[in-house]
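**Q** One structure follows; several queries about it will come next.
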Amino acid sequence: MAVRPYWKGYLKLSLVTCPVQMMPATTENEKVKFHTLSRTTNNRVVSHYVDAVTGKEVAEKDEVKGYQRGENEYVMLEDDELDAVALESTKTIDIQVFTPRESVEWIWLETPYYLSVEDPVGQEAFSVIRDAMAAQKMVGISRLVISRRERAVMLEPRGKGIVLWTLRYGDEVRDEEAYFEGIDDDTADPEMMPLVQQLIKQQTRHWDGKMVADPVQDRLLEIIALKKKALKNSAKSQAKAAEPVPTKGNVVNIMDALRKSIQAEARSNKST
């Protein structure tokens, strides 16, 4: 099923412009979602805005955005005033700067989107921008308004399209040194290194999306299926006995543990 575009606008580089569309690269549609119900009636519970002082419900027409300027003091802004802040980046991704891809560290990347041509007339312009960046191993840095918030974005060529990443702001990124400074500078034990390297080699597999499957979602679906079956049969579902929590054993020698891990992995590989 075709995904509805999240955003439509223009990709611009100097005098070269083309119409583009943007779709989220990830989805949570398959996640198990719950509604809040009333236990006594089984009806869904709905939420309403309530005045924090009077306790009375506030009608939708009376809701307004407010910027706090002091205790119990707000500057109110109407929707039409917010919409009037017409930044160019609302409808145009104007690439102003390029930088080598390897210079952008992973911690700056936030949310990925797929950027593609929205109209065949813009295919040539889109392709030349994409291929030029790929040939020089560069990415474009621009800005785009997403949900009324201007974000810095990075455009990375990928296959026939472009991946657009929203970037974190500087004050959102923490310095790793503050968290790693307590780790000793000692080098690893030279006797242990070959054992760990052997273990890594034995456990190396080609990447597969199944490696990051969510067992919690699978378990939730199993529970829901049991509940549905119980309702259909008008019988109470049998609670599955919880698996015992393993108790902490004695501290073992690291070298012995590594050797046993390697032996166990070798036996496992032989059996498969």
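**Q** State yes or no: is Val196 among the aliphatic types (A, V, I, L, M) and in contact (Cβ under 8 Å) with a residue 12 or more places away in the chain?
**A** Here the answer is yes, as Val196 does meet what is asked.
**Q** Do you know which residues across the range 148-173 are open to solvent by less than 50 Å² (accessible area, probe 1.4 Å) and touching a strand residue (DSSP E or B) at 6+ places or on another chain (Cβ under 7 Å)?
**A** Arg151, Ala152, Val153, Met154, Leu155, Glu156, Gly161, Ile162, Val163, Leu164, Thr166, Leu167
**Q** Right, something else. Name the single residue, out of those in the range 1-29 being surrounded by 10 or more Cβ atoms within 10 Å (Cβ to Cβ) and polar (S, T, N, Q), that is modelled with the highest pLDDT.
**A** The selected residue is Gln21.
**Q** Part of a strand (DSSP E or B), under 16 Å from Val145 (Cα atoms) and either open to solvent by 90 Å² or more (accessible area, probe 1.4 Å) or in contact (Cβ under 8 Å) with a residue 60 or more places away in the chain (or both), is that true of Met76?
**A** Judged against the criteria, Met76 is not a match.
**Q** Evaluate the following for Ile200: is it closer than 30 Å to Arg101 by Cβ, at pLDDT below 90 and in a helix (DSSP H, G or I)?
**A** Taking the combined requirement at face value, the residue satisfies it.
**Q** Could you please let me know if Tyr67 is open to solvent by 90 Å² or more (accessible area, probe 1.4 Å), free of Cβ contacts under 8 Å to residues at least 24 places away in the same chain, not basic (Lys, Arg) and not in a helix (DSSP H, G or I)? Full working, then the answer.
**A** Values: open to solvent by 90 Å² or more (accessible area, probe 1.4 Å): yes; free of Cβ contacts under 8 Å to residues at least 24 places away in the same chain: yes; not basic (Lys, Arg): yes; not in a helix (DSSP H, G or I): yes.
Here the answer is yes, as Tyr67 does meet what is asked.
**Q** Moving on to the next point. If Val32 meets every condition in (1) touching a residue at least 12 places away in the same chain (Cβ under 8 Å); (2) open to solvent by less than 70 Å² (accessible area, probe 1.4 Å); (3) closer than 21 Å to Glu156 by Cα apart from one, which number is that one?
**A** Just one mismatch for Val32, condition (3).
**Q** Tally time: how many residues in the range 232-256 are surrounded by 11 or more Cβ atoms within 10 Å (Cβ to Cβ) and modelled with pLDDT of 60 or more?
**A** 2
**Q** Taking the range 188-223, which residues are polar (S, T, N, Q), in contact with a helix residue (DSSP H, G or I) (Cβ under 9 Å, 6 or more places away or on another chain) and open to solvent by 100 Å² or more (accessible area, probe 1.4 Å)?
**A** So the first thing to find is which residues in the range 188-223 are polar (S, T, N, Q), and the list is 197-198, 202-204, 217.
When the remaining residues are screened for being in contact with a helix residue (DSSP H, G or I) (Cβ under 9 Å, 6 or more places away or on another chain), the result is 198, 202-203.
Selection gives Gln203 alone.
**Q** List every residue pair whose Cβ atoms sit under 9 Å apart, with the two residues 6 or more apart in sequence or on different chains, where the first one lies in the range 1-29 and is under 25 Å from Val128 (Cβ atoms) and the second, anywhere, is assigned to a loop (DSSP other than H, G, I, E, B) and among the β-branched types (Val, Ile, Thr).
**A** From residues that are under 25 Å from Val128 (Cβ atoms), the pairs are Leu11/Ile95; Lys12/Ile95; Leu13/Ile95; Ser14/Ile95; Met23/Val3.
**Q** Can you name the condition, by its number, that Val145 falls short on among (1) at pLDDT 95 or above; (2) open to solvent by less than 30 Å² (accessible area, probe 1.4 Å)?
**A** (1)
**Q** Which ranges mark the strands (runs of 3 or more DSSP E) fully within the range 86-138 that have 1 or more residues being at pLDDT 95 or above?
**A** On the way: elements: 92-94, 97-100, 109-117.
Passing ranges, in order: 97-100, 109-117.
**Q** Going by the conditions given, is Ser38 open to solvent by 100 Å² or more (accessible area, probe 1.4 Å) and over 30 Å from Val212 (Cα atoms)? Explain how you work it out, then say what you get.
**A** On the way: open to solvent by 100 Å² or more (accessible area, probe 1.4 Å): no; over 30 Å from Val212 (Cα atoms): yes.
Criteria not met by Ser38.
The values are calculated or read from the model by the stated rules, or taken from the named source; none is laboratory data. Just so it is clear, the structure is predicted and the values come from calculations on it, not from any experiment. Don't worry about glycine lacking a Cβ; one is built from the backbone with ideal geometry, like all the others, and counts go over all protein chains shown. Each accessible area value is taken on the protein alone, full model and side chains, heavy atoms only, with ligands, DNA and RNA left out. Shrake-Rupley method; radii C 1.70, N 1.55, O 1.52, S 1.80 Å.
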